[in-house]
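Undergrad: Let me give you the structure first, and then I'll get to my questions.
The values are calculated or read from the model by the stated rules, or taken from the named source; none is laboratory data. This one's a predicted model, so the numbers in the text were calculated from it and none came from an experiment. Here the Cβ is made from the backbone with ideal geometry for all residues, glycine too, and neighbour counts use every protein chain on show. To get the accessible areas, we keep the full protein, side chains included, count just its heavy atoms, and leave off ligands, DNA and RNA. Shrake-Rupley method; radii C 1.70, N 1.55, O 1.52, S 1.80 Å.
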Amino acid sequence: MSTENTWTVDTEPSVRSIEDIDLNEYSTRPVAKFVVAFAVGAFFFLLPIPWEGQITVPFDIAVSYVTDNFPDAVGVYSLAIIVAGGVLTTLAELDVRRGWFDVDLSYYEISVGFWFLRVVGTILAPVMFFKLGPEWLHSNGTGGFMWGTLVYSVGVIIPIGAVFITIFVELGGLEFVGTLARPLMKPLFKLPGRAALDSLASWVGSYSVGLYVTRNVFERGGYDKREVFTIATCFSTVSIGFVGVVAVTLDMLALFPIIFAAYFVCVVVCGAILVRIPPISSIPREYVAEPDPEVPFQGSGLDYFRFAVSEAVGKAEEGETFFEAARRGFVDGLRLTSLILGTILAVGLAAVLLSAYTPTFDVLGTPLVPVVAALGIPSAETVAPATIVGITEMYVPVLIAKNAAPMARFFVAVLAVSQLIFFSSVGPMIMDMFSDVPIRFRDLLLLFAMRTVILVPLVAAMTHLVAALGLLQ
């Protein structure tokens, strides 16, 4: 997935107003394609539906239905796609070095490090599927969680999400949402408006779907490397549904709206700060395809809406049919899954084993006990390691704080979902998907530490505010 060719944009295009733009004609067919695609995407990812005692969206219902009702089939599929990714990567590496094959395997070319991780994932997949080896490897908190929850979920989420996201993107949804979001995304996060769709896909669906959108736009020249780095590390958010799971686990479902609002503020604050300092600000503004930056635009709210509809209709007119977009999205989703699932298994299993069977994070958290106590958060001995252990898997701090005081539980609930970077899934996924940026392990460690430094006092202040309102009894 790497590339040797890069492009840069030397001069920014001049700002345009609605009078400077030739708006597309609103003929019936492209308007209908855009409206239907937008409605289908909005229904699948955004429409709140009561389901088994919770409010969720059809996307989450579809994924849960598949993983809950067909676990054996999902297990076979996960095993097959991980092995396929490892084998194809190995063949690609042999072809690069020796030129043995006439088939184009460039999609699977990768650095030696990630080749090794995919091979390790290929070896581990049958071990996890057939439950070979010691029992501790397959416990619910370690290998059982990695294989039966994370691997299964990511393996199903990406292909299903890719079908509907591709329909949405190819038929005008990206242009519509991106144009309307420009006045917010550019000044706050130095991102094009189209990046709002990546973030929205993460919020309502999964960070896996959001990253799929980012990769898709990046390969077409819609983002430069710095923009990809920013989106991947600052906006690959935990979904709304998972925030609900965290609230339920900590017996705080009644405070879900407040937890989610605090989480949203944390993501915005961290993004606005981190985009302006290294390592993000030091990433080159290079494209891996012919650049297609957004044209600067200014005008009234109505002007933005007219421009957004025009851009969406123009894209729908030149775009594929629904069936073509859905088929290509599904195939692309399967290919991407074959790339990253083995890496997620290899790195993620190591991370959760380190957390479960070594005192590493208790030791690292000890110096933070007085800091947490000084901020007025109770159960400091429990909360301090929870602020660090989230780098392995964001759900682990939630389990640690399950029996803590109410203020401590609220603090951990908001902090855990706001740290974003964890190595059971999103960390290796980002590094593997964007090896041509590149996003490196040390960068993710640094950004996790920087996010934590920003978040700890911010979340502590929010916790005291909610407690002062009498909501943490």
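Undergrad: Just reorder 464, 138 by solvent-accessible area, largest first, 1.4 Å probe, all chains present.
TA: 464, 138
Undergrad: Roughly how much of residue 186 is accessible, in Å² to the nearest 10, using a 1.4 Å probe?
TA: Surface open to solvent at residue 186 totals about 110 Å².
Undergrad: Taking θ = phi - 60°, what integer Hz values does the Karplus form 6.51 cos²θ - 1.76 cosθ + 1.60 yield along segment 232-247, in sequence order, with x for Gly and Pro?
TA: 5, 9, 10, 10, 7, 7, 6, 5, 4, x, 6, 4, x, 4, 4, 4
Undergrad: For residue 16, list long-range residues whose amide hydrogen, built 1.01 Å from N in the peptide plane, is under 5 Å from its own amide hydrogen.
TA: Close amide H contacts, sequence-distant or interchain: 297, 298.
Undergrad: Sequence neighbours fewer than 8 away in the same chain don't count; with that in mind, list the aspartates and glutamates whose C-alpha is under 20 Å from residue 186.
TA: Candidates past the 8-residue exclusion: 10, 12, 175, 198, 224, 227, 286, 292, 294, 303, 311.
Undergrad: In whole percent, and with a 1.4 Å probe on the protein chains, what portion of the accessible area of the chain is carbon and sulfur?
TA: Carbon and sulfur together cover 65 percent of it.
Undergrad: Also: Based on alpha-carbon centroids, what's the gap between segment 75-97 and segment 340-366 in Å, whole number please?
TA: Cα centres, segment 75-97 to segment 340-366: 24 Å.
Undergrad: Going by amide H atoms built from the backbone, whose H comes under 5 Å of the H on residue 391, apart from near neighbours?
TA: Amide H neighbours of residue 391, under 5 Å, 5+ apart: none.
Undergrad: Per residue, how many Å² of accessible area does segment 332-421 show with a 1.4 Å probe? Don't skip to the answer; put the middle values down first.
TA: Working: 2840 Å² over 90 residues.
Dividing the accessible area of segment 332-421 by its residue count gives 32 Å².
Undergrad: Using alpha-carbon positions, what is the distance between the centroids of segment 260-284 and segment 287-301, in Å?
TA: Using only Cα atoms, the two centres lie 21 Å from each other.
Undergrad: Additional query: When the Karplus curve 6.51 cos²θ - 1.76 cosθ + 1.60 is applied with θ = phi - 60°, which whole-Hz ³J(HN,Hα) does each residue of segment 468-473 get, with x for Gly and Pro?
TA: So the Karplus estimates, Gly and Pro as x, are 5, 7, x, 9, 10, 9 Hz.
Undergrad: Using the Karplus curve 6.51 cos²θ - 1.76 cosθ + 1.60 with θ = phi - 60°, work out ³J(HN,Hα) for each residue of segment 154-159 in order, rounded to whole Hz, and write x for Gly and Pro.
TA: Per-residue couplings from phi come out as 4, x, 8, 4, 5, x Hz.
Undergrad: Okay, next question. Restricting to Cα atoms and excluding each atom paired with itself, what does the Kirkwood estimate give for the chain in Å?
TA: Working: mean 1/r = 0.0431 Å⁻¹.
One decimal place: 23.2 Å for the Kirkwood radius.
Undergrad: Label segment 25-174 by shape, choosing from rounded, prolate and oblate, from the square roots a ≥ b ≥ c of the eigenvalues of the Cα gyration tensor; if a/c is under 1.5 it is rounded, and otherwise prolate applies when a/b is larger than b/c, oblate when it is not.
TA: oblate
Undergrad: Over segment 409-473, what lengths in whole Å, largest first, do the semi-axes of the equivalent ellipsoid take, defined as the square roots of 5 times the eigenvalues of the alpha-carbon gyration tensor?
TA: In descending order, the three semi-axes are 32, 11, 7 Å.
Undergrad: Related question: Evaluate segment 271-319: find the radius of gyration of its Cα atoms, find its Kirkwood radius, and give the ratio Rg to Rh. List each step's numbers first, then the result.
TA: Numbers: Rg = 15.9 Å, Rh = 14.1 Å.
Rg/Rh for segment 271-319 comes to 1.13.
Undergrad: Considering the Cα positions of segment 267-379, please state its Rg to one decimal place and its Dmax as a whole number of Å.
TA: 23.6, 61
Undergrad: Can you give the Rg/Rh ratio of segment 318-426, where Rg is from the C-alpha atoms and Rh is the Kirkwood radius?
TA: That ratio is 1.20, to two decimals.
Undergrad: Another one. Using alpha carbon centroids, what distance separates segment 105-181 and segment 424-438, in Å?
TA: When both Cα centres are located, 11 Å separates them.
Undergrad: So for the pair residue 11, residue 65, with labels modelled 7 Å out along Cα→Cβ, what separation do we get in nm?
TA: For residue 11 paired with residue 65, the spin-label model returns 5.5 nm.
Undergrad: So what's the back-of-envelope 222 nm ellipticity for the chain, counting only DSSP H runs of four-plus at -39500 (n - 2.57) apiece and dividing by all residues, rounded to 500? Before the final figure, lay out each step's value.
TA: Values: 20 runs with 306 residues, N = 473.
Result for the chain, helices only: -21500 deg cm²/dmol.
Undergrad: Another question, then. Just how much of residue 115 is accessible, in Å², when a 1.4 Å probe is used and the result is rounded to the nearest 10?
TA: The accessible area of residue 115 comes to roughly 50 Å².
Undergrad: Something else: Do any chymotrypsin sites (Phe, Trp or Tyr not before Pro) in segment 10-102 lie in a DSSP loop with no more than 15 other beta carbon atoms within 10 Å, and if so, which?
TA: 26, 100, 101
Undergrad: Follow-up. Express the accessible area of segment 124-237 per residue in Å², computed with a 1.4 Å probe while the remaining protein chains stay in the model.
TA: Values: 3180 Å² over 114 residues.
Roughly 28 Å² per residue, with all protein chains present.
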